[in-house]
Each structure stands twice: as structure tokens, then as C-alpha cells.
Amino acid sequence: MNSMIILISCSHLCKMNTLEITGFLFGIAGVVLTLKENVWCFPVGLINVIVSLILFYNQKLYADSLQQLVYIALLTYGWFQWLHGVNNNAIKISDSSKRLIVQCLIIWLSGTAILGFLLHQYTDASTPWPDSAATVLSFIAQWMVARKKVENWLLWMVVNAAYISIYIYKNLPLYAVLFAVYLILAIAGYRSWKKVMFADAL
């Protein structure tokens, strides 16, 4: 009986490790492709999202699971935008207006309050408030990617730093490393997009 339990546990652990490794590899690839403004970042990102959805649900990170479902819609939207542009005009990297920044801040604060309350009251979510704050900010950042707003990278820096702490707490070390790499890539992405934006302005 003990041998059977050990065998089942090892099988489950190997399955989870496979999910983590797959998510890790496609996650890195997706961010690198985004940094390079390569439209393949979207299908690669969708694979990462599906894998992450399974992993996070198993860990009772429900806000993260919801985040992956919304990402499917946002990635699909971004894929279409990068391929066809706005009104058939190609999207170029640009700054966000002050009005847009204020709107995003309001959405983040209200969204965090609502999602955090719901998860805290009605689920057994492990980290409802930090998870909700990072989740809503991730939605905003991903939408900014779809519209090629350079500030998306600044938001990802904050999100990645938050998730490093969350995943260390949840004993998902490979995902903690993944988001540490994401943090480095977000810094590189911001610098790269700023250079492109400056070159386009000349």
C-alpha cells in the first residue's frame, strides 16, 4: 500500500514538473518574441497560458487561473491587432496618454477590490488579495501589449516582482525563476521598445 502511495505521488510530481517545465519554456519564448515585436508571441503565449491554467488551478490559485482564461481572449485580440492593426493601419509602439494611465489606475484599484473580496469571501484561494492585485494589473499590461503601449513593460516589472514572491510562497520554484527571468526581460523589453519608438519618431 505504501509503495502504491509513493508511486502515485511520484507520478503526480512528475506530471506537475512537466507542466512547470513546459510553461517555463513557452513563457520565456513568448516574452522574447514580444520583445522583438514578433507576432508569433501570441500563439506561443497561448500554449503557455493553457499550461499555466492547469497548473494554477491545481495549486488553488484561482485568480491566476481566471487570469489565464482572460489571457486567451487578450492574446487572441492582440494577435488580431498586430496582424491587421487599427482601421487597417499598422500599430506602432507609442506612449500612453495621462488620461489612459489614470483610467488604468482606476480599473486596477476597483478590479483588485472586487476580485479580492470575491475570492476571499467565496473561495479557498490561497493568496486572494496579492493574487488579485497582480492579476488585474496583468490584464491591463496584456491589453497594453496588444496596443503596443510602451508602458506595458513597466507594469510587467511590477507584476513579475509580485509573482516571484507568490510562487516562492506556493512552492513553485521553477515558476519563481521564470518570473525572475520575465522581470529581466521586461527591463530589456522597455529599453528595446523605447529605442524603436525613438527611431520611428525620427
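So the values come out like this:
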| item | result |
| --- | --- |
| Scope the range 166-178; condition assigned to a helix (DSSP H, G or I) and either on the phi > 0 side of the Ramachandran plot or buried (at least 19 other Cβ atoms within 10 Å of the Cβ) (or both); matching residues | 166, 167, 175, 178 |
| Hits in the range 115-133 (condition: open to solvent by 30 Å² or more (accessible area, probe 1.4 Å) and not polar (S, T, N, Q)) | 117, 118, 120, 122, 124, 129, 130 |
| Candidate set from the range 134-165 (those that are in a loop (DSSP other than H, G, I, E, B) and among the charged types (D, E, K, R)); member that is most open to solvent (accessible area, probe 1.4 Å) | 147 |
| Restricting the range 25-40 to residues that are buried (at least 22 other Cβ atoms within 10 Å of the Cβ) and in contact (Cβ under 8 Å) with a residue 24 or more places away in the chain, the residue that is farthest from residue 149 (Cα to Cα) | 27 |
| Odd one out for residue 182, checked against (1) modelled with pLDDT under 95; (2) over 28 Å from residue 90 (Cα atoms); (3) within 13 Å of the chain's Cα centre (by Cα); (4) not aliphatic (A, V, I, L, M) | (2) |
| Within the range 62-114, considering residues that are small (Gly, Ala, Ser) and modelled with pLDDT under 90, the one surrounded by the fewest Cβ atoms within 10 Å (Cβ to Cβ) | 90 |
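The values are calculated or read from the model by the stated rules, or taken from the named source; none is laboratory data. Because the structure is a prediction, the values reported are computed rather than measured. Note that we place each Cβ from the backbone using ideal geometry, even for glycine, and neighbour counts take in every protein chain shown. When the accessible area is computed, the model is the full protein with side chains, heavy atoms only, and any ligands, DNA or RNA have been set aside. Shrake-Rupley method; radii C 1.70, N 1.55, O 1.52, S 1.80 Å.
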